[in-house]
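Comments concern the structure below.
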Amino acid sequence: NATISACEKSGKWKQALQLFSLMGTYKVERDTTTFNAAVSACEKGGEWERALQLAGMMSQGHVELDTVTFNATMNACERLGEWVPALQLFGILAQSKLKLDTACFNAVIGACEKGSEWAKALQLVSLMMLSTARMDMITFNAAIGACEKGGEWERALHIFGTMKHSEVELNTIICNVALDVCEKRCEWERASLIMDEMLQREVESGTITFNATISACEKAGEQGKALQLFRAMTQRNVQ
């Protein structure tokens, strides 16, 4: 177990899986810890189908599946946007006695986001809000990204507004996503407010940030505001 875990944690996922197979060949007992290390190795290697096979082997072999098992398997699915198996696993987890935590929600919401399933992502966000799991930056990033990909601009901005009133701190990435939405909708006033808030909270504002806000102003015919932002960008030596 220790050797497989060490390989998995050091990124040597192929070696970890080889050791796991050898244990089976030599009839060495493999417990939940062993399987979890192997599933986590699959997660790091993007081997989502193998991760699912291992979870299936655990069920068939009466090896206990725990939260780590489910989260690692769903993360493997999330990496490649395999939202269908991720949702199926989440459903099994929800029906078990195991606790639904932030990590499991983030994995399945992320899978839906990468699979452009914005409606399912939002359903999961709503379910998460009713649970004891706390939404974090990963949750908001995935939810807003799902809405953006689905062209649900207003929903994306609504989620961004919800995040601002939560305990989650703003960061450059999520602000840039919100600004990109504003730019596409020519929402120059919202873009300006987001930009102002970033400056007030000292959130790093780069070229992407300024360009999206300036573009939103230009599309709305607010040339004066666009020029003002350009001057601010120059004064800050934004590259």
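Points to keep in mind about this one:
Residues checked against (1) small (G, A, S); (2) open to solvent by 70 Å² or more (accessible area, probe 1.4 Å); (3) touching a strand residue (DSSP E or B) at 6+ places or on another chain (Cβ under 6 Å):
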residue: A51; (1), (2), (3): yes, no, no
residue: H62; (1), (2), (3): no, yes, no
residue: F70; (1), (2), (3): no, no, no
residue: T73; (1), (2), (3): no, no, no
residue: A76; (1), (2), (3): yes, no, no
residue: W83; (1), (2), (3): no, no, no
residue: A86; (1), (2), (3): yes, no, no
residue: L93; (1), (2), (3): no, no, no
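- Of the set (1) within 26 Å of Q123 (Cα to Cα); (2) open to solvent by less than 80 Å² (accessible area, probe 1.4 Å), all apply to C186 but (1).
- Residue list for segment 209-228, restricted to those being among the aliphatic types (A, V, I, L, M) and buried (at least 16 other Cβ atoms within 10 Å of the Cβ): A212, I214, A216, A220, A226
The values are calculated or read from the model by the stated rules, or taken from the named source; none is laboratory data. The model shown is predicted, which means the values in this text are computed figures rather than measured ones. Reconstructed Cβ throughout: ideal geometry from the backbone, glycine too, with neighbour counts over all protein chains shown. The area values use the complete protein model at the heavy-atom level, side chains included, leaving out ligands, DNA and RNA. Shrake-Rupley method; radii C 1.70, N 1.55, O 1.52, S 1.80 Å.
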